[in-house]
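For reference, the structure discussed in these notes is given below.
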Amino acid sequence: MLEQLWQSITELPGYLFDANKRVYLPYLFSAILMAVPVYIATEKARSGKGFLKFLFPKQVWWCKSAKLDYCLLVTNRLIKAATFTPIVLTMVPVALGLSGGLEALFGPALHLEAPEWLVIGLFTLFLFIVDDFTRFLLHLILHKIPFFWEFHKVHHSAKVLTPFTIYRSHPVESYLYACRMALTQGIVVGIGYYVFGSSLSMYDILGANAFVFLFNIFGANLRHSHIWLSWGNRLENWFISPAQHQVHHSSNPIHFDTNLGSALAIWDRMYGSLIKASSAGKITIGVGQYDAGHDSLTAIYLKPFKQAWKTLLPKKKNNPPLKSSQGD
């Protein structure tokens with residue numbers, strides 16, 4: 001166990017070199033490049049030193065909330081290694097079960113003949129779309145079901161946003177997302193195997209789904225930042241911009257449960273929860289009056305269990321006061 005925990009810690013620097021992690025160095029570098037036009041548009045006096053201050057204001061990066069995010073990156077990694085990694089849902093049984101079920105319902109697998117480039121392209125696109133849709137669905141559940149909201153509230157309790165805020169999550173939420181990923185991959189692989197056979201592969205860029213890589217390289221790290229980057233109304237009909245995700249983190253109740261999508265905005269548009277950055281106005285980050293006081297690691301890990309349990313208890317009804325018999 002100790003060896004496994006130590007290995008988890010030593011693997012953390014590898015996040016900077018893994019294209020499947022949001023803090024992959026090229027993603028961070030591209031976010032800096034995309035911050036340049038924002039800096040030019042918003043600041044009159046410009047300089048290299050001024051740009052660095054614009055990128056790394058002390059009140060954001062050294063805020064107590066941000067420091068907790070840095071700690072959570074490490075502690076959540078340790079908790080994951082010590083607890084739910086062995087019991088998380090895996091992709092293979094889901095894929096085998098689904099392909100077997102399709103054969104039982106519709107007969108032998110189709111294994112259609114198609115050019116390799118077409119099979120790879122369709123599989124890569126299908127995986128990206130289904131993955132994005134299931135992210136939206138789980139995110140919606142985390143917001144709409146009070147029991148799960150108490151765990152997701154940890155993420156929204158951040159008072160400032162940095163690229164490390166993506167790692168500000170409760171282990172219960174992390175477990176749900178891990179199962180979601182396995183279920184999604186299993187569904188796509190199971191259907192892909194039934195239709196095209198075992199010759200499935202994915203277009204990837206440095207090991208990441210090509211579409212995910214492109215989305216991340218176009219400023220995904222600015223989603224959790226103080227830098228307001230909108231893509232304009234037309235594009236924000238289709239893709240969630242960094243500014244739109246900041247609206248999702250707004251402390252204003254009218255912005256709650258909006259812009260739930262990860263990459264694609266079409267799910268929010270269909271559900272009616274899409275807000276364009278241009279119509280949001282000035283925002284502050286957090287959950288405002290609904291803040292549960294997640295201001296320490298102990299509170300972050302333990303309070304959600306207490307609050308989630310309360311959501312399962314029957315609500316007390318206010319009994320009307322007894323009428324006095326005097327004067328009847």
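For the stretch 250-268, which residues satisfy the criterion of being surrounded by fewer than 22 Cβ atoms within 10 Å (Cβ to Cβ) and more than 21 Å from Phe211 (Cβ to Cβ)? Ser251, Asn252, Pro253, Ile254, His255, Phe256, Asp257, Thr258 - these are the residues of the stretch 250-268 that are surrounded by fewer than 22 Cβ atoms within 10 Å (Cβ to Cβ) and more than 21 Å from Phe211 (Cβ to Cβ). Going through (1) within 23 Å of Phe215 (Cα to Cα); (2) open to solvent by 40 Å² or more (accessible area, probe 1.4 Å); (3) not in a helix (DSSP H, G or I) one by one, Leu110 falls short only on (1). None of Leu102, Leu118, Leu161, Leu138 is touching a residue at least 60 places away in the same chain (Cβ under 8 Å) and farther than 16 Å from Val287 by Cα except Leu102.
I want to confirm something. Restricting to the stretch 262-282 and keeping residues that are at pLDDT 95 or above and among the charged types (D, E, K, R), which single residue is nearest to Gln246 (Cα to Cα)? By that ranking, first place goes to Lys276.
In the stretch 113-134, what count of residues is obtained for those that are part of a helix (DSSP H, G or I) and either hydrophobic (A, V, I, L, M, F, W, C) or at positive phi (or both)?
Of all residues in the stretch 113-134, those part of a helix (DSSP H, G or I) come to 116-134.
Checking which are either hydrophobic (A, V, I, L, M, F, W, C) or at positive phi (or both) leaves us with 117-120, 122-123, 125-130, 133.
Residues meeting the conditions: 13.
For the stretch 175-200, a residue qualifies if it is hydroxyl-bearing (Ser, Thr, Tyr) and crowded, with 19+ Cβ neighbours inside 10 Å, and the qualifying residues are Tyr175, Thr184, Tyr193, Tyr194. Looking at Phe151, is it part of a helix (DSSP H, G or I), in contact with a Leu (Cβ under 9 Å, 6 or more places away or on another chain), at pLDDT 95 or above and open to solvent by 60 Å² or more (accessible area, probe 1.4 Å)? For Phe151, the condition - part of a helix (DSSP H, G or I), in contact with a Leu (Cβ under 9 Å, 6 or more places away or on another chain), at pLDDT 95 or above and open to solvent by 60 Å² or more (accessible area, probe 1.4 Å) - is not met.
Can you name the residue in the stretch 269-284 that is under 17 Å from Trp238 (Cα atoms) and charged (D, E, K, R) and, of all such residues, is least open to solvent (accessible area, probe 1.4 Å)? Going through the qualifying residues, I end up with Lys276.
Tell me, yes or no, whether the stretch 204-213 has at least one residue that is acidic (Asp, Glu), out of contact with any Pro (no Cβ under 6 Å at 6 or more places or on another chain) and open to solvent by 60 Å² or more (accessible area, probe 1.4 Å). Please lay out each step first, then the result.
Our first condition is that a residue be acidic (Asp, Glu); within the stretch 204-213, this holds for 204.
Narrowing the set further to residues that are out of contact with any Pro (no Cβ under 6 Å at 6 or more places or on another chain) leaves 204.
Right, trim to open to solvent by 60 Å² or more (accessible area, probe 1.4 Å) and you get 204.
So far as the stretch 204-213 goes, yes, one or more of its residues are acidic (Asp, Glu), out of contact with any Pro (no Cβ under 6 Å at 6 or more places or on another chain) and open to solvent by 60 Å² or more (accessible area, probe 1.4 Å).
Looking only at the stretch 244-271, filter to residues that are outside any helix (DSSP H, G or I) and hydroxyl-bearing (Ser, Thr, Tyr); which one of those is nearest to Ile166 (Cα to Cα)? Out of the qualifying residues, it is Ser262.
Give the stretch 288-303 a look and list any residue that's open to solvent by 60 Å² or more (accessible area, probe 1.4 Å) and farther than 15 Å from Lys67 by Cα, or say none. So that I can check it myself, show each step before the final result.
Step one: list which residues in the stretch 288-303 are open to solvent by 60 Å² or more (accessible area, probe 1.4 Å), which gives 289-290, 295, 298, 302-303.
Answer for the stretch 288-303, where residues must be open to solvent by 60 Å² or more (accessible area, probe 1.4 Å) and farther than 15 Å from Lys67 by Cα: Gln289, Tyr290, Leu302, Lys303.
The values are calculated or read from the model by the stated rules, or taken from the named source; none is laboratory data. Values in this document were obtained by computation on a predicted structure and should not be read as measured data. Quick reminder, even Gly has a Cβ in these numbers, built from the backbone with ideal geometry, and neighbours come from all protein chains shown. Note: areas computed on protein heavy atoms with side chains; ligands, DNA, RNA excluded. Shrake-Rupley method; radii C 1.70, N 1.55, O 1.52, S 1.80 Å.
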